[in-house]
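Structure, as structure tokens:
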């Protein structure tokens with residue numbers, strides 16, 4: 001979302017409704033359930049437009065972290081259908097962290113909302129990773 005889009009969002013009479021009508025389908029896998037999409041929609045509707053716009057602006061303005069300074073084990077979980085955080089970005093991060101223990105796990109039938117779409121799978125991945133340390 002570009003800065004001009006933030007101004008439109010924060011001044012819109014529709015509030016979060018247009019985003020809540022789009023994101024649950026656009027940012028989840030094709031196999032996400034109606035319950036999952038409805039839950040995401042409600043999360044978005046519960047957000048204030050100015051706060052949401054502020055978060056979007058923070059992403060736009062963010063500086064690239066010093067990935068080379070990361071020297072601890074890293075596991076990146078990526079959804080194979082994530083259009084919000086493309087796989088190329090995950091691969092870039094993995095290539096630039098300076099740790100010998102790093103891996104990228106691509107989750108099948110998963111969009112951007114990993115923890116909402118597949119909470120049990122994510123819990124298992126985190127537990128497995130932590131146990132391996």
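For this structure, a couple of remarks:
- When residues in segment 51-69 are screened for being surrounded by 12 or more Cβ atoms within 10 Å (Cβ to Cβ) and over 17 Å from the mean Cα position of the chain (by Cα), 1 of them pass.
- Some residue of segment 106-115 being free of Cβ contacts under 8 Å to residues at least 40 places away in the same chain, in a helix (DSSP H, G or I), out of contact with any helix residue (DSSP H, G or I) (no Cβ under 7 Å at 6 or more places or on another chain) and within 30 Å of residue 31 (Cα to Cα): no
- If you filter segment 20-49 down to residues that are in contact (Cβ under 8 Å) with a residue 40 or more places away in the chain, in a helix (DSSP H, G or I) and touching a helix residue (DSSP H, G or I) at 6+ places or on another chain (Cβ under 7 Å), you find that the one that is surrounded by the fewest Cβ atoms within 10 Å (Cβ to Cβ) is 39.
- Matching residues in segment 60-104 - criterion: being out of contact with any helix residue (DSSP H, G or I) (no Cβ under 9 Å at 6 or more places or on another chain), touching a residue at least 24 places away in the same chain (Cβ under 8 Å) and not in a loop (DSSP other than H, G, I, E, B): 69
- Annotation: residue 100 fulfils all but one of (1) farther than 30 Å from residue 18 by Cα; (2) at pLDDT 95 or above; the unmet one is (2).
- Residue list for segment 116-133, filter: surrounded by fewer than 16 Cβ atoms within 10 Å (Cβ to Cβ), out of contact with any strand residue (DSSP E or B) (no Cβ under 9 Å at 6 or more places or on another chain) and in a helix (DSSP H, G or I): 119, 120, 123, 124, 127, 130, 131
The values are calculated or read from the model by the stated rules, or taken from the named source; none is laboratory data. Worth saying up front: this structure is predicted, and the values here are computed from it rather than measured. Ideal geometry is used to build each Cβ from the backbone, glycine not excepted, and the neighbour counts take in all protein chains shown.
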